[in-house]
Amino acid sequence: MSESSIRIPDKYSGYALSHFCVPKHYEDDLEDIMIPWGLIQDRTERLARDIFQDVRDEPLTALCVLKGGYRFYTDLLDKITTLNRSHGSVSVPINVDFIRLKSYENDESTGQIRVVGGDNLSGLRGQNVLVVEDIIDTGRTMEKLLAILANHGPKSVRVASLLVKRRQGSTGYRPDYTGFEIPDKFVVGYALDYNEYFRDLNHICVINENGKKKYAITE
Ligand code: IMP
């Protein structure tokens, strides 16, 4: 793991829900707050600066991996475009693109990764692509996506992931830009979901057993 990401240790116990604002409808479903929204913003600001400095004047196609990546994507792009406005001598022209993948049911990967929607990838030919993802868990989704993208002839591909999970059974894949390296726990919020719930939560939180049971897909 690159030293340039923030490592949240296994023993870290997070913040009590009572210290921050959490929607009433999720109060009983969360263990703790792992990464408060404000810290996500501060870290994203730095990732935006790193990307801006690496890319400089080259046009960039920012590819959002839906749905989990959408909040990180909009915040990251906001911060890059702020640098574009304020820098004066350098700016990065940005195109936006979207792809939708599906691999998870409950808190387990189904092992099947499907492209279920998004833009026509033939538009990526010759482009410098920045893939923006919420979380790398086993790494299989990203490796599969990178193989799909390679078939469309991009000039270059970089990956920014807000989170990377430390877990056994990882493929060893590491993104170019990582916000936080986290323990092997199922996290929700800031667009990360559990069966489509919790995307409407600002902080990144650890789901508890009650939440897993309440929102489980049972059939
Ligand atoms: P991977 O293929 O195992 O790396 O899984 C990556 C995908 O699994 C992510 O894009 C998420 O959609 C989902 N995922 C993995 N871990 C979590 C989690 O803790 N919370 C929410 N989604 C997760």
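The values are calculated or read from the model by the stated rules, or taken from the named source; none is laboratory data. Computed from a prediction, not measured in an experiment: that's the story for all the values here. Counting neighbours? That spans all protein chains shown, and the Cβs are built from the backbone with ideal geometry, glycine included. These accessible areas exclude ligands, DNA and RNA; they are computed on the full protein's heavy atoms, side chains included. Shrake-Rupley method; radii C 1.70, N 1.55, O 1.52, S 1.80 Å.
Numbers at a glance
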read-out	value
Percent breakdown of C-alpha pair distances by 5 Å bin, ordered from the shortest bin, for region 1-69	3, 11, 15, 18, 20, 14, 9, 6, 3, 0
Computed magnitude of the charge dipole of the chain (debye, nearest 20; Cβ of K, R +1, Cβ of D, E -1)	460 debye
Net lengthening on full extension, residue 49/residue 155 (0.36 nm per residue, minus Cα-Cα)	36.0 nm
Where a label projected 7 Å from the Cα of residue 216 along Cα→Cβ would reach, residues of region 185-210 with amide N under 12 Å	209-210
Rounded FRET efficiency, nearest 0.05, which uses the C-beta distance separating residue 196 from residue 96 and R0 of 22 Å	0.40
For region 25-33, 3J(HN,Hα) per residue [Karplus equation, 6.51 cos²θ - 1.76 cosθ + 1.60, θ = phi - 60°, Hz, x = Gly/Pro]	5, 10, 4, 8, 10, 10, 7, 6, 9
Ordering of 167-180, 128-141, 28-41 by burial proxy (mean other Cβ atoms within 10 Å per residue, highest first)	128-141, 28-41, 167-180
Accessible area expressed per residue, the chain, with surrounding protein chains retained (probe 1.4 Å, Å²)	50 Å²
For region 159-214, convex hull volume per residue from C-alpha positions, Å³	101 Å³
Protection proxy ranking of 201-212, 181-192 - average other beta-carbon atoms within 10 Å, highest first	181-192, 201-212
Viscosity 0.890 mPa s, 25 °C: Kirkwood-radius Stokes-Einstein D of region 6-214 over Cα pairs, µm²/s	139 µm²/s
